[in-house]
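Here's the structure we're looking at; comments come further down.
The values are calculated or read from the model by the stated rules, or taken from the named source; none is laboratory data. Predicted model, so just to flag it, every value in this text is computed and none were measured. Positions of Cβ are backbone-derived with ideal geometry, glycine not excepted, and every protein chain shown enters the neighbour counts. For the accessible areas, the whole protein counts, side chains as well, though only heavy atoms, and no ligand, DNA or RNA atoms are used. Shrake-Rupley method; radii C 1.70, N 1.55, O 1.52, S 1.80 Å.
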Amino acid sequence: MTGSDIPSSFRLAYVPGVTPTKWVRVWHERLPDTSLELVQATAAEAPDLLADRDADAGLVRLPVDRNVLNAIPLYTETTVVVIPKDHVVTAAEEVALAELADEIVLHPLDDVLDWETLPGRPAVERPATTADAIELVAAGIGVLLVPQSLARLHHRKDLTYRPVPDAPESRVALSWPQAEETPDLVEEFIGIVRGRTVNSTRGRAAAPAKAKEKATDKAKAKARSKRAGGGSGSGSGGARNKPAAGRKPQSGGRAGGQSGKRGKPRGR
């Protein structure tokens, strides 16, 4: 894409815990004339933001409605339990859900984990947000299970966390609205996220150039083939054809001499 074909801006939504910094940096290097606007949204808000076309693409948590949005899964996060630093389970490198059976496990309203059955004992009330739940953990009210990125986002010096291998996990994906054709800037961002180099084919914008390149290569190959055929006519061509009547065989090339040996002797 060049010139007027490039829209002036690109809006990228992202949810808490996701860090788009490295992809944004590559975007600015490759498309310095197209601004990238970051739009922070909660995990619950992000799909609606995309469906309403208030963002061109988003780094979201799965699942999303595949009838409305496209999604490319990027990675799966480890789930951890957030606990006070003096909690007994800090002695282990990881924690099983069964070990939390006697704990009050906080379940915030913005929880992003898909639980069939929440472990431990339920709190009297559900905290409104993960940030509120973290405060309750610090106060010794209970423990909290979250994706590791959220534990890092809400880091406190008096808290720590341990992996919980048998807990549900959260998957992060790149998502954008369903359409007959994927917009060129979305294709550009897909290429960046997937690690394509600047010279890689990216979306429909690069397709015409690629097709032209293939056509040029084909024409060059055809021209080389013609030149090669023309240069070898006196050799291999002379070997296949009988000498014309009244003419001596050509002896300039090895193939021509062989042809003369195979032909019938003329009348003497």
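Summary of values
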read-out: Residues of the stretch 37-91 classified as open to solvent by 30 Å² or more (accessible area, probe 1.4 Å), closer than 24 Å to Asp114 by Cα, small (Gly, Ala, Ser) and not in a loop (DSSP other than H, G, I, E, B), total; value: 1
read-out: The stretch 8-23, residues that are open to solvent by less than 20 Å² (accessible area, probe 1.4 Å) and either without any contact (Cβ under 8 Å) to a residue 24 or more places away in the chain or of a type in the set (Phe, Trp, Tyr) (or both); value: Phe10
read-out: Sole exception among (1) more than 32 Å from the chain's Cα centre (by Cα); (2) open to solvent by less than 40 Å² (accessible area, probe 1.4 Å) for Ala101, by number; value: (2)
read-out: Among (1) open to solvent by 30 Å² or more (accessible area, probe 1.4 Å); (2) under 33 Å from the mean Cα position of the chain (by Cα) - the single one Ile141 does not satisfy; value: (2)
read-out: Residue match in the stretch 14-33 (condition: of a type outside the set (Phe, Trp, Tyr), under 19 Å from Thr129 (Cα atoms) and part of a strand (DSSP E or B)); value: no
read-out: Residue list for the stretch 92-111, filter: in a strand (DSSP E or B) and within 22 Å of Glu77 (Cβ to Cβ); value: Val105, Leu106
read-out: The stretch 104-134: number of residues that are surrounded by fewer than 16 Cβ atoms within 10 Å (Cβ to Cβ) and within 19 Å of Val88 (Cα to Cα); value: 1
